[in-house]
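Undergrad: Here it is: the structure, laid out below.
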Amino acid sequence: MFKKGNKLYSILTGTCPKCHEESMFKNKNPYILSEILDMYETCSNCSTKYKIEPSFFYGSMYVSYAVGIAFATAAFVISFFVFNAGINIVFTSIVATLVVFLPIIIRISRNIWINFFMHYDKSLAKK
């Protein structure tokens, strides 16, 4: 379903948006909070520069808002409609979901943001 060459592949795996070969992040585990934003400067496979301009990833904050809303909506639907929980439990489940998934939301937002501006190039894969 998610093959190389598909933007979803790059977004969900955190690989280079141009060649889909190397991870953009120095540590693949987003839950090591001290290294959550540590990225390589360039791809070791195709030499794509990840930070197109200074403060490039500030734009991912706007994307993270939308991704956070998606996670919060999923938590609401599951807790309210599936488990028939009360309003206090629903609120608690939304907050807990956002706190637990914050590192993933941050990474996915950066991946989505960079994939707005860069596209897969088959000629760069396995250079």
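Undergrad: Does residue 120 satisfy being open to solvent by 40 Å² or more (accessible area, probe 1.4 Å), part of a helix (DSSP H, G or I) and not hydrophobic (A, V, I, L, M, F, W, C)?
TA: The answer is no for residue 120.
Undergrad: Pick from the stretch 86-102 the residues that are surrounded by 16 or more Cβ atoms within 10 Å (Cβ to Cβ) and either among the hydroxyl-bearing types (Ser, Thr, Tyr) or in a helix (DSSP H, G or I) (or both): which of them is farthest from the chain's Cα centre (by Cα)?
TA: This residue is 90.
Undergrad: Related question: Are any residues in the stretch 107-127 among the charged types (D, E, K, R) and within 17 Å of the chain's Cα centre (by Cα), and if so, which ones?
TA: 107, 110
Undergrad: For the stretch 44-68, give me the residue count where each residue is among the hydrophobic types (A, V, I, L, M, F, W, C), in a helix (DSSP H, G or I) and either open to solvent by 80 Å² or more (accessible area, probe 1.4 Å) or in contact with a Lys or Arg (Cβ under 6 Å, 6 or more places away or on another chain) (or both).
TA: 2
Undergrad: Would you say residue 71 is more than 26 Å from residue 10 (Cβ to Cβ), among the aromatic types (Phe, Trp, Tyr) and either exposed (fewer than 13 other Cβ atoms within 10 Å of the Cβ) or modelled with pLDDT of 95 or more (or both)?
TA: So residue 71 fails the test.
Undergrad: Tell me yes or no: at least one residue of the stretch 18-25 is open to solvent by 40 Å² or more (accessible area, probe 1.4 Å), at pLDDT 95 or above and assigned to a strand (DSSP E or B).
TA: No, that holds for no residue.
Undergrad: Among the residues that make up the stretch 27-35, is at least one of them over 18 Å from residue 6 (Cβ atoms), in contact (Cβ under 8 Å) with a residue 60 or more places away in the chain, within 15 Å of the chain's Cα centre (by Cα) and open to solvent by less than 80 Å² (accessible area, probe 1.4 Å)?
TA: yes
Undergrad: For residues that are open to solvent by less than 50 Å² (accessible area, probe 1.4 Å) and either under 15 Å from residue 11 (Cα atoms) or outside any helix (DSSP H, G or I) (or both), tally how many sit in the stretch 74-85.
TA: Residues flagged as open to solvent by less than 50 Å² (accessible area, probe 1.4 Å) and either under 15 Å from residue 11 (Cα atoms) or outside any helix (DSSP H, G or I) (or both) within the stretch 74-85 amount to 1.
Undergrad: Pairs please, first residue from the stretch 1-14 and in contact (Cβ under 8 Å) with a residue 24 or more places away in the chain, second anywhere and outside any helix (DSSP H, G or I) and surrounded by fewer than 17 Cβ atoms within 10 Å (Cβ to Cβ), Cβ atoms under 6 Å, 6+ apart in sequence or on different chains.
TA: Qualifying pairs under 6 Å: 14/23.
The values are calculated or read from the model by the stated rules, or taken from the named source; none is laboratory data. Everything numeric here is computed off the predicted structure, so don't read it as measured data. Cβ atoms come from the backbone with ideal geometry, glycine included; neighbour counts cover every protein chain shown. Remember, those area values only see protein heavy atoms, side chains included, never the ligands or the DNA or RNA. Shrake-Rupley method; radii C 1.70, N 1.55, O 1.52, S 1.80 Å.
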